[in-house]
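The values are calculated or read from the model by the stated rules, or taken from the named source; none is laboratory data. Note that the structure is a prediction, hence the values are computed from the model and not measured. Neighbour counts run over all protein chains shown; Cβ positions are idealised from the backbone, glycine included.
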Amino acid sequence: MSQTVVITPPGRLGLPRWSELWGAREVLYRFGQRDVLLRYRQTAVGVLWVFLQPLAAAGIFSLVFGTVADLPSDGLPYFLFSYGGMLAWNVFNQVVGRSAPSLVSNQALVSKVFFPRLLVPLSTAMSVLLDFAVALGLGVVLLFVYGVNPGWPVLLLPVWVALLVATALGIGVAAASIQVKYRDIGYVLPWALQLVLYASPVAYSVAAVPDDVRWLFEANPMTWFLEAFRWSFLGLAAPAPWQVLGMVAVSGVVLLGGVLVFQKNERLFADVI
C-alpha cells in the first residue's frame, strides 16, 4: 500500500507535526531502549547504580545538613527527607542532562537519516523514568522501614512527576537544539544545574531558610515541585494552591517554548552538526 506524503510550510508558530511524531513513535521507543542497554552494558554493578546514586547523595546530605548543620527535616528522619528530595531532583537533572547532548551524540543519524529530530531528546525521558521507577521502589521500602504513611496524596505523585518531566524536557530540547551550533552549552549546563541544586530545597527544608530571604526560595519553581513531591511521597504539608497552578503553568510554558526553539533551529542541524 503506497503512502503519499505532502510537505507543507510550517505554521505561524512553527509547531511540529504531531501526526508525524506519532507515526514515528517506534523510533522513540528504539532510542529509549538503546539508551538503557548501552548505559549499563559494561558496568560492574549494572542497574545497582540506580540505587547507589540517590542513596549516596542522601547519606552525604544527611551527614552535612542533618548532623553537622543540624537543620530541620519537617519531623522526618533526615535520610528519608533528603532521599525524597533526591528522587525528584534526579528526574529533573537527568532529563535535562541527557537530552541536551542527545543530538550531538547522534550526529551521524541526524545528518544522514530522515526522522522527526525532536524524538531524539524526547526519548531520553524513557530511561530516566525507568531509573526513577526503580529508585522509587527502594523509596517505598524506606517508607516501611521508617513507618511513614503518606496517605492519599501518593495518588498525585504521577502528576507531579509528569509536570517535572515536561519542564525538564522543555529545557532539554531547547538546549539540545542550541548545542548543535554552540557546544558551550555542554559546559554551561552542568554548572547551571549545580547552582539550581543548591538554590533549591533538595537537601534541606524551606523552614530552615531565614525569613528575610525565604521569598526567593518560594519563588523558585523547583521549590514548588519538591514541596508537592514530598507531600505525595512523604506525607508532608501540601503546597499552596498558587504553587500548584504555577507548576502547571511553568511546565506548559517551558515545554512549549523549548519545542518552538527546537523547531526554529532544526532546519540548520544538518549543516552545522
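Computed quantities for the displayed model
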quantity: Given (1) surrounded by 22 or more Cβ atoms within 10 Å (Cβ to Cβ); (2) within 12 Å of VAL165 (Cβ to Cβ), number of the condition LEU129 does not satisfy; calculated: (1)
quantity: Check on ALA108, in a helix (DSSP H, G or I) and within 22 Å of the chain's Cα centre (by Cα); calculated: no
quantity: All positions within region 73-98 that are of a type outside the set (A, V, I, L, M, F, W, C) and in a helix (DSSP H, G or I); calculated: TYR78, SER82, TYR83, GLY84, GLY85, ASN90, ASN93, GLN94, GLY97, ARG98
quantity: Filtered residues of region 200-216 (kept if surrounded by 11 or more Cβ atoms within 10 Å (Cβ to Cβ) and either at pLDDT 90 or above or β-branched (Val, Ile, Thr) (or both)); calculated: SER200, PRO201, VAL202, VAL206, VAL209
quantity: LEU189 being buried (at least 17 other Cβ atoms within 10 Å of the Cβ) and not in a helix (DSSP H, G or I); calculated: no
quantity: Residue selected from region 14-45 under the condition surrounded by 10 or more Cβ atoms within 10 Å (Cβ to Cβ) and not in a helix (DSSP H, G or I), by the criterion modelled with the lowest pLDDT; calculated: VAL45
